[in-house]
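Participant: One structure is given below, represented as structure tokens, and several questions about it will come after.
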Amino acid sequence: MDKECRNIYQIARESAGLTQEKASELMDICVESLRAYEGGRRIPPDRIVIKMIEIYNTQYLAYQHLKTSAEVGQKYLPDIEIKDLSTAILNLQTQVGDYVNCEKLLVRIASDGRISDDEACDFKKICKELDDVLKAIMTFKFSKQKSE
């Protein structure tokens, strides 16, 4: 099968080194169902995705599943790239540093318990920095780690 046609469920299974037959047996589903999920003809229910995550040993599949199959995931989860561990760590440190540079401003904004019209723009910038930190955390969590 063309690698471009493979979806997240197939990639996770293949990365775990399992055949469709073995994976479907471990999940207690028929091979035809797994083929439908991997072929994009059906979206697997959450209980099946949980089994996949556990059997394939890949938490990233949970993120991908929510990002691609749920409207809320598509709208609110940030796009993340899988990077090598050292790049992910450096990116996380950079993003946290950028947020730390905003902390005094955040404390000043929060000191009176409300966000004034004059502070709204700064507050949005701080929220953007926090979004960048979240994205960096997820990238770090799912980074490629060299096996020993």
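The values are calculated or read from the model by the stated rules, or taken from the named source; none is laboratory data. It should be emphasised that the depicted structure is a prediction, and the values quoted were computed from it without experimental measurement. Methodologically, a virtual Cβ is constructed for each residue, glycine included, from the backbone with ideal geometry; neighbour enumeration extends over all protein chains shown.
Participant: Return a yes/no flag: does the range 102-115 have any residue that is buried (at least 16 other Cβ atoms within 10 Å of the Cβ) and closer than 30 Å to Cys30 by Cα.
Facilitator: Residues of the range 102-115 buried (at least 16 other Cβ atoms within 10 Å of the Cβ): 102, 106, 109.
If we keep only those that are closer than 30 Å to Cys30 by Cα too, we end up with none.
No; the residues of the range 102-115 include none that is buried (at least 16 other Cβ atoms within 10 Å of the Cβ) and closer than 30 Å to Cys30 by Cα.
Participant: So if I check each of Gly17, Gly40, which one is in a loop (DSSP other than H, G, I, E, B) and either buried (at least 19 other Cβ atoms within 10 Å of the Cβ) or under 20 Å from the mean Cα position of the chain (by Cα) (or both)?
Facilitator: Gly40
Participant: Continuing with the same structure: I'd like the full set of residues that are modelled with pLDDT under 95 and either loosely packed, with under 13 Cβ neighbours inside 10 Å or part of a loop (DSSP other than H, G, I, E, B) (or both), limited to the range 46-70.
Facilitator: Selection gives Asn57, Thr58, Gln59, Ala70.
Participant: Six or more apart or on different chains, Cβ atoms under 7 Å: show the pairs whose first residue is in the range 45-74 and within 15 Å of Gln10 (Cα to Cα) and whose second is of a type outside the set (Gly, Ala, Ser) and exposed (fewer than 13 other Cβ atoms within 10 Å of the Cβ).
Facilitator: Ile53/Gln59
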